[in-house]
Amino acid sequence: MLRYLLSKLLTFVPTFIGVTLISFAFIRALPGDPIIVMAGERGVTPERYKELVEQFGYDRPILVQFWDYLTGVLQGDLGTSFVTKKPVWNEFFALFPATLELSICAIIIAIALGIPAGVIAATHRGKFFDRALMSTALIGYSMPIFWWALLLIIVFSGNLHWTPVSGRIDLLYYFKDVTGFMLIDSLLSGQKGAFASAVSHLVLPSIVLATIPLAVIARQTRSAMLEVLSEDYIRTARAKGLSPLRVNGLHALRNAMIPVITVIGLSVGTLLAGAILTETIFSWPGIGKWMVDSIFRRDYPVVQGGLLLVAVAVMVVNLVVDLLYGLINPKIRKR
Amino acid sequence: MALLSIRNLSVEFATAAGPFRAVDGVDLTVDQGDVLAIVGESGSGKSVSMLAMMGLLPWTATITADEMSFDGRDIRRLSARERRKVIGRDMAMIFQEPMSSLNPCFTVGFQIKEALRQHLNLDRAQRHARAIELMDLVGIPAPEKRLSAFPHQLSGGMSQRVMIAMALACKPRLLIADEPTTALDVTIQAQILDLLSDLQKETGMALILITHDMGVVAETAQRVQVQYAGQKVEEQPVEGLFATPHHPYTAALLAALPERATTRRLPTIPGVVPGQYDRPAGCLFAPRCAKATEICHSTRAPVQGAELGLARCHHPVTQPEEATQ
């Protein structure tokens, strides 16, 4: 297992270099110029422009710039935002917990509903439950996310007043960031009602964000289960006189989990990159909106650093997925 | 009273092109301690009839029978839950592909103990001890160590031994072995058959051996039932069947054995088993039968008396020499 882990870790190196290179190159390939954007409508004189270019080092050859950036990254220096003048590192970690909290809640909802739905659909193949669940999944998958979010806000916030419209917590509550996770911090603060407020703020965005992964997981679980259910070892399990619950839920599901974990990993990766639409609609202070804003501002260090950190997060998720494969099916560990 | 008694069992599969009859009016009787071989080509309904009895067929199958009883209990009337108490406990089955019949995600020990846990009131330590005992019984060396092995770490022969251990876990009264050696090497085949034979004698359980290998039949079985295209065409004790087969199909099968060949070229049975669309109106074997006459093509064959091996034939073979022609 240790060797398996090390070999997987080794693949981090080329991926890391690749991501650094791509994020560095892509933002520069975009038309536009950070200095012009910074200057805004007032514009900038050619002398001042030249001065700034020199100050930021953009007059040097591109390879030298990349080398500077790379050595900085390896020393843990991701640079400073042009706009806020704060280190990228600090900005990222101020916002990332919000994204992480939302992603975790969303993926928990997606897994908790998606896997049972897929199993039920597979074991009721062609019957009512199968059709009902799979058409619901298809609707969920194809629905525009912003429209779905607005619909939920209108019903649950607007008409029923069950949930707040936006933000992470009610303005009544104020406490210091400890973990950055509102659910945990609100509990730690000990303020009455703070936790409930955090939960009620989290419900709608989580549901919205969970919708697509939920549909994907349900469909993937169903097809993986159908494949596994025709395997010889399922017949063996039935021949032992095991209950359908044990045959489907243990013998079949465990084997079907490999492709399902793959899509869960992919979904988590997407979620960690920030859900721009969901974060915008619910005014959720996550990294999705931060990244998009910095692309528009041509804030090179933020885009580069943000992409890199998101990529690392996604790589970690992939590593976890790979380790889970080995845990689920010991045969994979041997390869 | 017979341990297992099946009368007029039919199994039909609903396919996109209409119903397909895989088993057609099969009778079968097994007594305690019996060794019955069911022989036939691929597609003759051997496995399907046994899977039907175990309740392991997919939902597309429709099973009808005049009688289906095990140990005096009507299997058709058991609820799914009651039937699950019988299968895996009193009635167990092993399959053709041992490597794919074990779940790759669980250890061998887990899979054997699971059968014990399902049916017997044993505690953890007792289950562990019994699992080791079973592994030892089926001839797996270092059983204690092998309990924690995963299926991919075992050879085909070892996997089949594990399957047998699992099937024997609750001391079944009937073991159904569905082509247990087809996927194995020749040397391993003999070992597994010997093992099954020995275990059968030791435990006194009944054994149904599904096979298409006449050599296996001769070595292991007491009684043979020959199936063709979903029908039982003949049933005899082993000695009688090999000496005087009464159905032309049995005769042709035996004549095709290399050991019996008298010519340079092995005799074969021309044609193939009829499928869903080319099922003959008369005797199902008529299109491939050397002795077929007018009546064979037009009228379904009658079942002859016990003295003629219950042969389903218009012109049963009666003389030993006639069979070897």
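The values are calculated or read from the model by the stated rules, or taken from the named source; none is laboratory data. Worth saying up front: this structure is predicted, and the values here are computed from it rather than measured. Here the Cβ positions follow ideal geometry from the backbone for every residue, glycine too, while neighbour counts run over all protein chains shown. Remember, those area values only see protein heavy atoms, side chains included, never the ligands or the DNA or RNA. Shrake-Rupley method; radii C 1.70, N 1.55, O 1.52, S 1.80 Å.
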Checking A:Pro31, A:Pro14 in turn, the sole residue that is assigned to a helix (DSSP H, G or I) and surrounded by fewer than 14 Cβ atoms within 10 Å (Cβ to Cβ) turns out to be A:Pro14
Positions within region A:37-62 being of a type in the set (S, T, N, Q) and outside any helix (DSSP H, G or I), in sequence order
A:Thr45
Just for region A:215-228: of the residues that are over 25 Å from the mean Cα position of the chain (by Cα) and crowded, with 20+ Cβ neighbours inside 10 Å, which one is farthest from the other protein chains (Cβ to nearest Cβ)?
A:Met225
Every residue from region B:91-106 that is assigned to a loop (DSSP other than H, G, I, E, B), in contact with a strand residue (DSSP E or B) (Cβ under 7 Å, 6 or more places away or on another chain) and facing chain A (nearest Cβ under 7 Å):
B:Phe95
Read through the list (1) more than 27 Å from A:Leu78 (Cβ to Cβ); (2) more than 14 Å from chain B (Cβ to nearest Cβ); (3) surrounded by fewer than 20 Cβ atoms within 10 Å (Cβ to Cβ), then give the number of the only condition that A:Met315 fails.
(1)
Against the definition (surrounded by fewer than 17 Cβ atoms within 10 Å (Cβ to Cβ) and within 26 Å of the chain's Cα centre (by Cα)), how does A:Trp89 come out, yes or no?
yes
Take region A:260-281 and flag every residue that is modelled with pLDDT of 90 or more and either among the charged types (D, E, K, R) or open to solvent by less than 10 Å² (accessible area, probe 1.4 Å) (or both).
A:Val260, A:Gly265
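Kindly indicate the residue of region B:107-117 that is within 25 Å of the chain's Cα centre (by Cα) and more than 22 Å from B:Ile192 (Cα to Cα) and also farthest from the other protein chains (Cβ to nearest Cβ) among those meeting that condition. I'd like the intermediate steps shown before the answer.
Taking region B:107-117 and keeping what is within 25 Å of the chain's Cα centre (by Cα), we get B:108, B:111-112, B:114-116.
Then drop every residue that is not more than 22 Å from B:Ile192 (Cα to Cα), which leaves B:114, B:116.
Working: B:Glu114: 7, B:Leu116: 10 Å.
Taking the candidates together, the pick is B:Leu116.
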Determine which member of the set A:Ile258, A:Ile276 is assigned by TED's automatic domain parsing to the domain that holds A:Phe146, over 15 Å from B:Cys105 (Cα atoms) and within 33 Å of the chain's Cα centre (by Cα).
A:Ile276
Any idea which residue in region A:233-249 is farthest from the other protein chains (Cβ to nearest Cβ), counting only those that are open to solvent by less than 50 Å² (accessible area, probe 1.4 Å) and of a type in the set (A, V, I, L, M)?
A:Val247
State the number of residues belonging to region B:53-90 that are facing chain A (nearest Cβ under 9 Å) and aliphatic (A, V, I, L, M).
5
Going by the conditions given, is A:Ser294 of a type in the set (Gly, Ala, Ser) and under 18 Å from A:Leu78 (Cα atoms)?
yes
Report those helices (runs of 4 or more DSSP H) wholly inside region B:240-325 carrying at least 1 residues which are open to solvent by 60 Å² or more (accessible area, probe 1.4 Å) and of a type in the set (Asp, Glu).
B:294-298, B:320-324
Given B:Leu193, B:Leu154, B:Leu175, which one is under 22 Å from B:Arg117 (Cβ atoms) and under 15 Å from the mean Cα position of the chain (by Cα)?
B:Leu175
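What number of residues within region A:285-310 are part of a helix (DSSP H, G or I) and either open to solvent by 40 Å² or more (accessible area, probe 1.4 Å) or closer than 27 Å to A:Val165 by Cα (or both)?
Final tally of qualifying residues: 11.
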I'd like to verify a number: residues in region A:99-135 that are without any contact (Cβ under 8 Å) to a residue 24 or more places away in the chain and over 21 Å from the mean Cα position of the chain (by Cα), how many?
10
Could you tell me whether any residue of region A:255-274 is part of a loop (DSSP other than H, G, I, E, B), facing chain B (nearest Cβ under 10 Å) and not polar (S, T, N, Q)?
no
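Which residue is farthest from B:Ala2 (Cα to Cα), if the candidates are limited to region B:12-37 and must be touching a Phe, Trp or Tyr at 6+ places or on another chain (Cβ under 9 Å) and aliphatic (A, V, I, L, M)?
To start, the set of residues in region B:12-37 that are touching a Phe, Trp or Tyr at 6+ places or on another chain (Cβ under 9 Å) comprises B:12-14, B:17, B:19-22.
Now restrict to residues that are aliphatic (A, V, I, L, M): B:14, B:17, B:22.
Details: B:Ala14: 32, B:Ala17: 38, B:Ala22: 25 Å.
Ranking the qualifying residues of region B:12-37, first place goes to B:Ala17.
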Find the residue count for region A:128-162, including only residues that are among the small types (Gly, Ala, Ser) and farther than 19 Å from A:Ala110 by Cβ.
2
Among the candidates A:Leu151, A:Leu172, A:Leu100, single out the residue that is in a loop (DSSP other than H, G, I, E, B) and more than 30 Å from B:Pro58 (Cα to Cα).
A:Leu172
Which residue out of B:Met50, B:Met158 is out of contact with any helix residue (DSSP H, G or I) (no Cβ under 9 Å at 6 or more places or on another chain), open to solvent by less than 60 Å² (accessible area, probe 1.4 Å) and either within 14 Å of chain A (Cβ to nearest Cβ) or assigned to a helix (DSSP H, G or I) (or both)?
B:Met50
Filtering region A:140-182 down to residues that are within 20 Å of A:Glu279 (Cα to Cα), free of Cβ contacts under 8 Å to residues at least 60 places away in the same chain and among the polar types (S, T, N, Q) yields A:Ser142, A:Ser157, A:Thr163
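Looking at this structure, is B:Leu120 open to solvent by 40 Å² or more (accessible area, probe 1.4 Å), hydrophobic (A, V, I, L, M, F, W, C), within 14 Å of chain A (Cβ to nearest Cβ) and farther than 19 Å from A:Leu250 by Cα?
Criteria met by B:Leu120.
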